[in-house]
1. Looking at the chain, how many pairs of lysines come closer than 30 Å at the Cα, when each pair is eight or more places apart or spans two chains?
2. Give me Rg/Rg_expected for the stretch 28-175, where Rg uses Cα atoms only and Rg_expected = 2.2 N^0.38 Å with N residues.
3. Looking at the chain, what % of its DSSP beta bridges pair antiparallel, to the nearest 5?
4. Just to be sure I understand the rule: take each whole DSSP H helix in the chain, project its Cα atoms onto its long axis, keep it if the span is 18 Å or more and its mean Kyte-Doolittle hydropathy is at least -0.5. Which ones pass?
5. Relative to the Cα centre, what is the charge dipole magnitude of the chain, using +1 at the beta carbon of each Lys and Arg, -1 at the beta carbon of each Asp and Glu, and rounding to the nearest 20 debye?
6. In the stretch 144-227, if every C-alpha pair distance is counted and binned at 10 Å from zero, what percent goes to each bin?
7. Compare the Cα positions of Q76, A175, A30 along the charge dipole of the chain (+1 at Cβ of Lys, Arg; -1 at Cβ of Asp, Glu; about the Cα centre) and return the one farthest towards the positive end.
8. What residue among A93, Q200, H124 has its Cα farthest toward the positive end of the dipole of the chain, where the charges are +1 on Lys, Arg and -1 on Asp, Glu, each on the Cβ?
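Laboratory data are not the source of any read-out in this text; all were calculated from the coordinates shown. Note that this is a predicted model, so its numbers are computed, not measured. A quick note on method: Cβ atoms are made from the backbone with ideal geometry, for glycine too, and the neighbour counts reach across all protein chains shown.
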Amino acid sequence: MRILAVNASHRGDKGHTRAFIDRLFAGATAAGADCQVVTLARLKINRCLACAKCQTTHPGRCVWDDKDDVRAVFDQMAQADILVYGTPVYIFAMSGLLKTFLDRLYARGVNTDMRLSNSGLVFHGIDRAVCSKPFVSLVVCANVENETPRNAIAYFRTYARFMDAPHVGELLRNATTMLGSDDAEHQFPRLVQVYAAYAQAGRELATEGRIRRATQRQANQEIAPVPFFGLLKRFRPVKQRIIAYTRQMGETDVANE
């Protein structure tokens with residue numbers, strides 16, 4: 001099993017996105033998978049020019065193909081068995097880095113070859129070796145509000161339906177602000193369960209080609225040591241406590257610099 005993660009964090013290999021990819025891959029590697037990470041922040045990725053030359057004068061080839069790193073990453077994706085799209089949330093969506101990268105998939109399709117997807121959606125022809133690859137979405141954000149990652153989550157669900165790409169795992173890690181302290185696992189005991197679930201998710205990807213729903217629930221659980229926090233965080237007094245805590249964490253980080 002070959003698994004390729006696309007790390008779309010602007011912080012590259014220093015962010016929480018890479019940290020959770022590594023936890024996922026620790027389990028997958030232990031189960032025998034060949035795991036690789038492509039860090040987009042290290043690469044040259046030009047934006048799509050909407051010139052349509054990939055559809056007219058030289059079909060299937062982008063004008064940037066020999067001038068940046070995107071085509072090489074697409075080739076790696078084609079060789080993988082499973083993809084992991086890892087992104088932090090920026091302004092309520094995936095990172096601009098990932099969106100710019102995925103926009104370049106336009107050159108891998110034929111917009112005059114109309115068809116129905118397996119979900120019954122009207123769409124054009126695609127490069128199935130890249131676009132229809134089974135994938136895991138890994139969305140990371142600092143906030144605890146359910147609205148914060150909603151757009152990013154919805155994007156990958158829509159992508160799966162149009163691209164005929166099996167969505168074999170949906171991972172969401174919120175509240176990353178709470179992970180900054182050295183004793184985070186002591187303050188938030190559920191983190192131990194979360195980290196274990198990521199390792200288990202990796203093992204399941206390597207052996208079953210998917211992440212079980214129970215494992216996803218464990219990985220995506222709220223980490224605050226408060227019963228029914230998912231419900232309580234909707235109320236203003238609880239939100240005010242969260243704000244006070246994150247301010248305190250910020251002051252601690254500054255004092256330790």
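1. Summing the qualifying lysine pairs gives 16.
2. Values: Rg = 15.9 Å, N = 148, 2.2 N^0.38 = 14.7 Å.
Normalised Rg, Cα atoms only: 1.08.
3. On the way: 5 of 28 bridges.
Looking only at bridges with both residues in the chain, the antiparallel portion is about 20 percent.
4. Working: long enough: 16-30 (21 Å, 0.24); 150-163 (20 Å, -0.21); 190-208 (26 Å, -0.09); 236-255 (29 Å, -0.66).
Qualifying helices: 16-30, 150-163, 190-208.
5. Details: 34 positive and 25 negative charges, 140 e Å.
Dipole about the Cα centre, nearest 20: 680 debye.
6. 16, 41, 33, 9, 1
7. Going by the Cα projections, it comes out as A175.
8. With unit charges placed on the Cβ atoms, the residue in question is H124.
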